[in-house]
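Everything below concerns the one structure shown next.
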Amino acid sequence: MTTRQLNRRDVLKGSIGAFAASLVLPRLPAGATPVRHERRRVVVIGTGFGGSVTALRLAERGVQVTLIERGLRWPSGQRDAFPTMFKPDRRVSWLSETNTAAGNLIPSQPWKPYTGLLERVKGNGIDAVCAAAVGGGSLPYHGMSVQPRGDLFNRVMPGELDYEELDTRWYPYARANLGATPIPDDVLASPHYLSSRRFAEYVKRAGLPDAHGVPMPIDWDVVRREIAGELPPSISTGDVIYGVNGPGKRSLDTSYIPKAEATGKVELLTLHRVNTISRNQDGKWQVTIERLNTDGVVLEHVIFTSDALFLCAGSPNTTKLLVRAQGRGDISDLPDGVGEWWSTNGDLITTQIVSDPMGAMQGGPANMASLDWDNPEGPVSIIFAGIPIPVDAHVMETIGIFIPDGHGRFTYDGATDQATLTFPPEAHGPSMAAARRRVDRIGKAGGSLTSLDMTAKDPTTFHALGGAVIGKVCDAYGRVLGQPGLYVNDGALFPGSTACAKPVSDDLRGR
Ligand SMILES: Cc1cc2nc3c(=O)[nH]c(=O)nc-3n(C[C@H](O)[C@H](O)[C@H](O)COP(=O)(O)OP(=O)(O)OC[C@H]3O[C@@H](n4cnc5c(N)ncnc54)[C@H](O)[C@@H]3O)c2cc1C
């Protein structure tokens, strides 16, 4: 049976479950996949930045939490934990025969679907690539923790958020918890990081604001040991796109999640994919879940009823759950803005071939940034990301983060019972062209004659934001308006931009 057939059948069962009042079990034909129905106090969906922080903070206050994750728990910190850029395999993709990573240049034969690391949420105009694993986006992400400036923050973010408080309390708190510090001078001076130094040189020549190291959740002593040959290289050779094969990166599965588990209050369920959410007649929250094996086959249906439900499935999937619940009538009176104010954080990934040697196996993760925030053309952060190519091809890859001019949205299609993303080309607007001009200036300063816009070649984002935005759908605490006990606590809260910073500042919601 294919995944699609299973999904269609499971949607039906999910809807039966959703409409079953309180503890009444849905009736299923004999021989069907078993159904288990249980009661919980608090259910948190997703173990990324939002979910792991939510689980930890609730558990620290003595609340028993059931933390649900569709993906696997990976052996982070160990050798050969993850696929590598030049040897991708089925572990890359979330239940897909093809490589779901954005801008992937390595062709591979169709593989047997697996509960792998990256889901590609297909949309009209753009696809959103998001993580599927315990620790969410913290496994594949680079981890640049740029803090936006107050004026840019206030230009984008809902008025309900107080920048002063974030600046003095929560940004430093999140940086400290992630152990995020900039690349030290001695590491930057090593041959592995020649490409980062060249980038800084070209930025200066281009007349843009000087490039500086930005805080990264990296143990730089581990990188020093890699450079000294005491540890096999991983971070220092930049092969981090699917996760770091060794120690040194403070992903959530090695930081917040073990802390949450150590409270004894957190029940973590992996390979549990939430299908629907609904409110029952008693005002309790009901979640229908498919328990999967690693081939994606549904082994069991689980229905949890809880007093409180936290949606932390990341912007695309939290939004899909809410939009479907609204479209199917599973939750009545959801705010009108559900699904709206979605965007990409202004991603512009560009590869340029410069005239100077840039080194093979360039040191990672992305570590230096020029923050061009006062330019009359509009603000942009331009970040250098080392590439693990085994030969020196003079390659310079940069990630531009600007403020998009418009938004896309998720809408419900009753015929397919799906929530679908639409992102109009004009949503990136003139701001994208203005950002591209500055990225190209840096390349030209390095003698580049070509500029390959990976974002145009394969329209995708790694940085989905919005869909259940503060001030429209939720209050500043993530409480969904008019729905007691229902919360959103992830990237869906922010209106399609984090103001030229990286979206992982989502982590700041320690409120
Ligand atoms: C390849 C890649 C590179 C990135 N690089 C950077 C970077 O360098 N810097 C940066 O700041 N940001 C980066 N990001 C973005 C960053 O990872 C996200 O902004 C951040 O993880 C969002 O946090 P979140 O809590 O909203 O969601 P996520 O971290 O995405 O967590 C959501 C979790 O919910 C789970 N989930 C989803 N749907 C369901 C369901 N139906 N049932 C059960 N579980 C579900 C997912 O498996 C996932 O674990 C990158 C993202 C990707 C994918």
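The values are calculated or read from the model by the stated rules, or taken from the named source; none is laboratory data. The model shown is predicted, which means the values in this text are computed figures rather than measured ones. In this analysis, Cβ positions are derived from the backbone assuming ideal geometry, glycine residues included, and neighbour counts consider all displayed protein chains. Calculation scope for accessible area: heavy atoms of the full protein, side chains included, ligands and nucleic acids excluded. Shrake-Rupley method; radii C 1.70, N 1.55, O 1.52, S 1.80 Å.
Observations
- Considering the stretch 27-83, and only residues there that are at positive phi and either away from the ligand (no atom under 15 Å from the Cβ) or open to solvent by 40 Å² or more (accessible area, probe 1.4 Å) (or both), the residue that is nearest to the chain's Cα centre (by Cα) turns out to be GLY77.
- Condition check for GLY467: open to solvent by 10 Å² or more (accessible area, probe 1.4 Å), at positive phi and outside any helix (DSSP H, G or I): no
- Each residue in the stretch 303-314 was checked for being away from the ligand (no atom under 15 Å from the Cβ) and either small (Gly, Ala, Ser) or open to solvent by 10 Å² or more (accessible area, probe 1.4 Å) (or both), and 2 pass.
- For the residues ASP458, ASP453, the requirement of being over 22 Å from LEU178 (Cβ atoms), over 19 Å from the mean Cα position of the chain (by Cα) and among the acidic types (Asp, Glu) singles out ASP453.
- Of the candidates ASP374, ASP405, ASP392, the single residue that is assigned to a loop (DSSP other than H, G, I, E, B), out of contact with any strand residue (DSSP E or B) (no Cβ under 9 Å at 6 or more places or on another chain) and either within 16 Å of the ligand (Cβ to nearest atom) or under 25 Å from TRP220 (Cβ atoms) (or both) is ASP392.
- Taken over the stretch 231-262, the residue count meeting the criterion of being more than 16 Å from the ligand (Cβ to nearest atom), outside any helix (DSSP H, G or I) and farther than 19 Å from LEU188 by Cβ is 3.
- If you go through the stretch 193-225 and keep only what is part of a helix (DSSP H, G or I) and surrounded by fewer than 23 Cβ atoms within 10 Å (Cβ to Cβ), you end up with LEU194, ARG197, ARG198, ALA200, GLU201, LYS204, ARG205, TRP220, ASP221, VAL222, ARG224, ARG225.
- Within the stretch 162-187, being hydroxyl-bearing (Ser, Thr, Tyr), in a helix (DSSP H, G or I) and within 21 Å of the chain's Cα centre (by Cα) holds for TYR171, TYR173.
- ALA228 vs. criteria hydrophobic (A, V, I, L, M, F, W, C), over 26 Å from the mean Cα position of the chain (by Cα) and buried (at least 18 other Cβ atoms within 10 Å of the Cβ): no
- Conditions (1) within 16 Å of the ligand (Cβ to nearest atom); (2) in a loop (DSSP other than H, G, I, E, B); (3) among the hydroxyl-bearing types (Ser, Thr, Tyr): number failed by SER448: (1)
- Residue under evaluation ASP253, criteria (1) without any contact (Cβ under 8 Å) to a residue 24 or more places away in the chain; (2) under 17 Å from ALA81 (Cα atoms); (3) in contact with a Gly (Cβ under 6 Å, 6 or more places away or on another chain), criterion not met: (1)
- Residue check, ARG273 basic (Lys, Arg), open to solvent by 10 Å² or more (accessible area, probe 1.4 Å) and either under 28 Å from ALA174 (Cβ atoms) or assigned to a helix (DSSP H, G or I) (or both): no
- Of all the criteria given as (1) in contact with a Pro (Cβ under 6 Å, 6 or more places away or on another chain); (2) away from the ligand (no atom under 15 Å from the Cβ); (3) at pLDDT 95 or above, the one not satisfied by TRP111 is (1).
Per-residue answers, yes or no, for (1) without any contact (Cβ under 8 Å) to a residue 24 or more places away in the chain; (2) away from the ligand (no atom under 11 Å from the Cβ); (3) closer than 24 Å to GLU267 by Cβ; (4) open to solvent by 20 Å² or more (accessible area, probe 1.4 Å):
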{"site": "LEU117", "(1), (2), (3), (4)": "no, no, yes, no"}
{"site": "ARG120", "(1), (2), (3), (4)": "no, no, no, yes"}
{"site": "GLY125", "(1), (2), (3), (4)": "no, yes, no, yes"}
{"site": "GLY150", "(1), (2), (3), (4)": "yes, yes, no, no"}
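Table: residues versus (1) closer than 22 Å to THR422 by Cα; (2) surrounded by fewer than 24 Cβ atoms within 10 Å (Cβ to Cβ); (3) among the small types (Gly, Ala, Ser); (4) within 9 Å of the ligand (Cβ to nearest atom).
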residue: ASN280; (1), (2), (3), (4): no, yes, no, no
residue: HIS301; (1), (2), (3), (4): no, yes, no, no
residue: PRO316; (1), (2), (3), (4): yes, no, no, yes
residue: LEU322; (1), (2), (3), (4): yes, no, no, no
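- Against the list (1) of a type in the set (Val, Ile, Thr); (2) within 22 Å of the chain's Cα centre (by Cα); (3) crowded, with 24+ Cβ neighbours inside 10 Å, the condition VAL287 fails is (2).
- When residues of the stretch 84-108 are limited to those that are in a strand (DSSP E or B) and either modelled with pLDDT of 95 or more or at positive phi (or both), the one surrounded by the most Cβ atoms within 10 Å (Cβ to Cβ): SER93
- Unique residue being under 27 Å from PHE494 (Cβ atoms), among the β-branched types (Val, Ile, Thr) and surrounded by 18 or more Cβ atoms within 10 Å (Cβ to Cβ) when the list is THR455, THR422: THR455
- Screening the candidates ALA200, ALA189 for the property of being modelled with pLDDT of 95 or more, closer than 30 Å to GLU377 by Cβ and of a type in the set (Gly, Ala, Ser) yields one hit, ALA200.
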